[in-house]
1. Would you mind computing the Rg to Rh ratio of the range 282-333 from its alpha-carbon coordinates, Kirkwood style for Rh?
2. Using the Cα centre as the reference, give the magnitude of the dipole from point charges on the C-beta atoms of the chain (Lys, Arg: +1; Asp, Glu: -1; all else neutral), rounded to the nearest 20 debye.
3. Quickly estimate the mean residue ellipticity at 222 nm for the chain, helices only: each DSSP H run with n ≥ 4 gives -39500 (n - 2.57), and the total goes over all residues, rounded to 500.
4. Counting only GluC sites (Glu not before Pro) that are in a DSSP loop and have at most 15 other C-beta atoms within 10 Å, tell me the longest site-free stretch of the chain.
5. How high is the relative contact order of the range 212-332, in percent, with contacts defined as C-alpha pairs under 8 Å that are six or more residues apart?
6. What does the accessible area per residue of the range 128-220 come to in Å², with a 1.4 Å probe and no ligands, DNA or RNA counted?
7. Only Cα pairs under 8 Å and at least 6 apart count here; give the relative contact order of the chain as a rounded whole percent.
8. Whole number in Å², please: accessible area per residue of the range 336-440, 1.4 Å probe, ligands, DNA and RNA not counted.
Amino acid sequence: MRPFRRTRPSTPARRARTAAAALVALALAAGLGTQATASSVSPSPAAGAATVQQWEVAGLSTAAERTALSRTGTAIDEVRADSVVITASAADVRRLRALGYELSALPGTAATDIRPHAPSDYHTYAAAVAEINAVRAAHPSLVTTRVIGRSYQGRDIIAVKISDNAATDENEPEVLFTHNQHAREHLTVEMALRTLSVLTSGYGTNARITELLNTREVWLIPSVNPDGKVYDQESGSFRSWRKNRQPTPGSSSVGTDLNRNWAYRWGCCGGSSGSAGSETYRGPSAESATETRVVADFVRGRVIGGQQQITAHIDFHTYGELVLWPYGYTYNRTGPGLTADDAAAFEALGRQMAGTNGYTPQQSSDLYITDGSINDWLWANQGIFSYTFEMYPRSAGGGGFYPPGSVIARETARNDAAVLLLLEYADCVYRITGRQNTYC
Ligand code: LU0
Ligand code: CA
Ligand code: CA
Ligand code: ZN
């Protein structure tokens, strides 16, 4: 386990800083004019993508201190023992320093410092779609694809189904994997392609995979945010873009953080921002983002005869090497709709999956509070055991959001066993704590 020290005594400077951050958070919530403008928080490529880079923010060691920073509208890239790493523009840095935060630049992390990946490394969105179509053509009884809707800019959002008799909706537990909610997290799209390859090549050759695909229906959504992916990846240098590409009405800002836009306790708890320019902008209302709505409608469409068919889910992100479970909106281990038995099952399966890939298992809010996340909605609203995996690297030194293409094969294969474990328990996740007779 990552050694969080929740009880570290607070220094006067720390208390002052936390108080200042809280005041600014209040001002932001009240719509006062202290927030940076859209162009400074989310620069247009011409205006200053070069100034966006990663910074270490010193002296933050508890979830409450990290949540205070995120209340200023900052997205936290990485949690360290006594600091965090963020991506920030020069204007963000000035704003945070004015609040008393100590920031130091992480060398080599500006988007323009990062060597563009070779086309053979990370798939573009179009290349990913082409590969999916090729796999489907090679395995027509095992793979079908469905356009579940279109992104804000009109790109297909695709769900790939993998099962025996894939064209038929059979009465088998369904498992969902979502990828690339955050634009710059390109390794997650590679993860979807890896899972597609492992499952299709293993069917008929590997007894365990054959049995799983005979008894489960697997859904992969390889890119929830294709507009963001294309915007980040296809201009010649990376843009460190996180959100979707939907303009906010009444503002010059572009983009909603899809993982703050889901419809459970949306905006409740200081785990997202109401400022359109923020990296964690939650949108004007829950499911306001085209892509959130498309995926939520797809999930609701899996309710058949009053029963949600999807039982288990992983949302792939980068980075940090973490296995996370709900709730994100509260530090409490249990909450409405999340009993001690539910929490025990979440934790047991989360820890077992982490045992296979060496990630750190923890409740999502051990990092910092998030609200409107996909995990909270899928569990509270749909009863789906929903995890987040934060993939490679563990820290910025491994390449942050842009690790070299040479790690793709190793770091996606690293999750094979966890994916199969989730499929195995999809018939009854409570089996992992021996409570199947009570709950399944
Ligand atoms: O959405 C996020 O902030 C995630 C973490 C949560 C799922 C708890 N981190 S990320 O944006 O860096 N992928
Ligand atoms: Ca089937
Ligand atoms: Ca089914
Ligand atoms: Zn993410």
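1. Radius of gyration over Kirkwood radius for the range 282-333 works out to 1.02.
2. So the magnitude is around 1180 debye.
3. That comes out to -10000 deg cm²/dmol.
4. After excluding every exposed loop site, the longest remaining stretch is 235-440.
5. 17 percent
6. I get 36 Å² per residue for this part.
7. Over the chain, the number comes to 17 percent.
8. 31 Å²
The values are calculated or read from the model by the stated rules, or taken from the named source; none is laboratory data. The model shown is predicted, which means the values in this text are computed figures rather than measured ones. Don't worry about glycine lacking a Cβ; one is built from the backbone with ideal geometry, like all the others, and counts go over all protein chains shown. Areas reflect the complete protein model, heavy atoms only, side chains present, ligands, DNA and RNA absent. Shrake-Rupley method; radii C 1.70, N 1.55, O 1.52, S 1.80 Å.
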